[in-house]
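Read the structure below first, then the notes.
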Amino acid sequence: MPDLRYLLTNDPERFNTTGDQPTMKTIVTTGNGGYEKLDYRDVPIPTPAAGEVLLKVLAAGVNNTEINTRLGWYSSSVESGTEQLTESAEESKIEDGGWNATTPFPLIQGTDCCGEVVQLGEGVTDLAIGARTLVRACMRVNGFDSMENIWMASDFDGAFAQYVTVPASEVFAVDCDWSNAELATIPCAYGTAENMLHRARVMATDCVLVTGASGGVGSAVVQLAKRRGAHVVAITGAGKQQLLQDLGADQVITRGSDLNAELHGTRVDVVIDNVAGAQFGQLLKLMARGGRYASSGAIAGPIVSMDMRDFYLKDITLFGSTAWDEPVFPNLIEYIERGEIKPLLAQTFELKDIVAAQQEFLAKTHFGNFVLVPPP
């Protein structure tokens, strides 16, 4: 992997065009705040450095993380869920609002990238021009023995553009009959889901309880847990029960129901929870002795309460999950190519319509993933 430290450098001059320099359409996020911070403009096409490739972006997925980063939700000063922060977004700079540090605004966001290799940087020999690829957005900069990581579209420019440069080590060719938009639903949601299942060592003998099961990550967890042979209990909003049953969930519970009554004493071995908020403590009470809890988000709110006795007397293990482990992304490519998972594409939007896409995303009425398509 090339030295990625330069990617963390905030250089606004990279967006300035001069003379006959070729340009591309992109969405530049100019700072923390509301939708007014999303600027559709022309910027220079980047040039791949040594060890990098230039990708033509074919499609780019929409995720919570882009919204959270724009709002500064990762700051320790924020205690509400994403939806509440969206409603009160103000033009303010949150110094610790990024994943690793201050977000390097102005920034091109876009964590999910399906792209075509169009140019190779010096020293890149294992990728072919014209290859259709997915980008591993989570990059372990010091190797997989260290949890240090940086993310495309949070720490350096991402895929809400016609072109993006990426370290060649993070680009994976994929051979399948999926559309570009379908492939763009995979990286962040499915990488995050597979990482939590991998960390929690989910097996065929486990009962897995999934919160927020109709969202991008939640629906990916349902598929990937079923692929491992687990018994899956999915919690979702009203009107989406049949969709999750069709996806393979063994039991579907409507959000807000009495979980104790609905589970009828079912042994819950693993909880995969990206909702958090007020239900966190109850989830620990539902878990069996030796249970494993994994989370990579907190859409209902990051501040939770718990009875420590549920944690230590039941020998529960808690897994935080941000840095993707080494097998995760190669596994996903294999699952796709072997036809073991299917894409859940809810809707596509043109890149310029990102505000409409994020507004509809936050309405939470969809099932699956939204994707932006740049101009050809």
(request) Please state which one of Leu224, Leu197, Leu209 is outside any loop (DSSP other than H, G, I, E, B) and closer than 20 Å to Asp258 by Cβ. (result) Leu209
(request) Quick one: in segment 354-374, of everything that is touching a residue at least 12 places away in the same chain (Cβ under 8 Å) and in a helix (DSSP H, G or I), which residue is farthest from Gly229 (Cα to Cα)? (result) Val355
(request) Consider Ala181 carefully, then state whether it is part of a loop (DSSP other than H, G, I, E, B), closer than 30 Å to Phe15 by Cα and in contact with a Cys (Cβ under 8 Å, 6 or more places away or on another chain). (result) no
(message) Filter segment 324-350 down to the residues that are closer than 11 Å to Phe172 by Cβ and of a type in the set (Val, Ile, Thr) and list them by number.
(response) Ile333, Ile336
(request) Return yes when Leu332 is surrounded by 15 or more Cβ atoms within 10 Å (Cβ to Cβ) and either more than 24 Å from Gln109 (Cα to Cα) or touching a helix residue (DSSP H, G or I) at 6+ places or on another chain (Cβ under 9 Å) (or both) and no when it is not. (result) yes
(message) Just the residues that are touching a Lys or Arg at 6+ places or on another chain (Cβ under 9 Å) and not in a loop (DSSP other than H, G, I, E, B), please, taken from segment 151-165.
(response) Met152, Ala161, Tyr163, Val164
(message) Between a residue in segment 325-349 that is in contact (Cβ under 8 Å) with a residue 60 or more places away in the chain and any residue that is assigned to a loop (DSSP other than H, G, I, E, B) and among the aromatic types (Phe, Trp, Tyr), which pairs come within a Cβ distance under 8 Å, given they are 6 or more apart or on different chains?
(response) Asp325/Phe144; Glu326/Phe144; Ile336/Trp178; Pro343/Trp178; Leu344/Phe367
(request) For segment 279-294, enumerate the residues that are of a type in the set (Phe, Trp, Tyr) and either modelled with pLDDT under 95 or not in a helix (DSSP H, G or I) (or both). (result) Tyr293
(request) Filter segment 239-273 for residues that are buried (at least 18 other Cβ atoms within 10 Å of the Cβ), under 22 Å from His366 (Cβ atoms) and either among the aliphatic types (A, V, I, L, M) or modelled with pLDDT of 95 or more (or both) and give the result. (result) Leu243, Leu244, Leu247, Ala249, Val252, Ile253, Ile272, Asp273
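The values are calculated or read from the model by the stated rules, or taken from the named source; none is laboratory data. All values derive from a computational prediction rather than experimental measurement. As a convention, Cβ positions derive from the backbone with ideal geometry for all residues, glycine included, and neighbour counts pool all protein chains shown.
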